[in-house]
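**Q** My questions all concern the structure below.
The values are calculated or read from the model by the stated rules, or taken from the named source; none is laboratory data. Fair warning: this is a prediction, and the values are worked out from it, not measured in the lab. We place every Cβ from the backbone using ideal geometry, glycine too, and count neighbours over all the protein chains shown.
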């Protein structure tokens, strides 16, 4: 019998300025640039500088996931747009926002 391997990171939500992720078995929240660990009872514990030095992958995971979610939202928005990509590129070139 094979078991499903546990995901390392999982995006939960991005609401009210709180970016919520699960990394391994812990849930983390990033708000106002600070990262907090959420306990089982719902309390937030600030991750201190020493812990950031021990576990730099926490902040790196947040940055990587935030970039991915931003690109994903842009792709969905452009897909739902009625303006074709070639017209969008031509407009940007005409306005001087993009070179050649």
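**Q** Do the conditions hold for residue 51, that is, is it surrounded by 13 or more Cβ atoms within 10 Å (Cβ to Cβ), at pLDDT below 90 and farther than 19 Å from residue 19 by Cα?
**A** Numbers: surrounded by 13 or more Cβ atoms within 10 Å (Cβ to Cβ): yes; at pLDDT below 90: yes; farther than 19 Å from residue 19 by Cα: yes.
So residue 51 passes the test.
**Q** Would you say residue 29 is closer than 22 Å to residue 73 by Cβ, modelled with pLDDT of 85 or more and surrounded by 14 or more Cβ atoms within 10 Å (Cβ to Cβ)? I'd like the intermediate steps shown before the answer.
**A** Numbers: closer than 22 Å to residue 73 by Cβ: yes; modelled with pLDDT of 85 or more: yes; surrounded by 14 or more Cβ atoms within 10 Å (Cβ to Cβ): yes.
Yes, satisfied.
**Q** Hey, among the residues in segment 13-26 that are part of a strand (DSSP E or B) and out of contact with any helix residue (DSSP H, G or I) (no Cβ under 7 Å at 6 or more places or on another chain), which one's surrounded by the most Cβ atoms within 10 Å (Cβ to Cβ)?
**A** We begin by selecting, within segment 13-26, every residue part of a strand (DSSP E or B); these are 13-15, 18-23, 26.
From the residues that got through so far, the ones that are out of contact with any helix residue (DSSP H, G or I) (no Cβ under 7 Å at 6 or more places or on another chain) too are 13, 15, 18, 20, 22, 26.
On the way: 13: 10, 15: 8, 18: 13, 20: 17, 22: 15, 26: 11.
Residue satisfying both the conditions and the ranking: 20.
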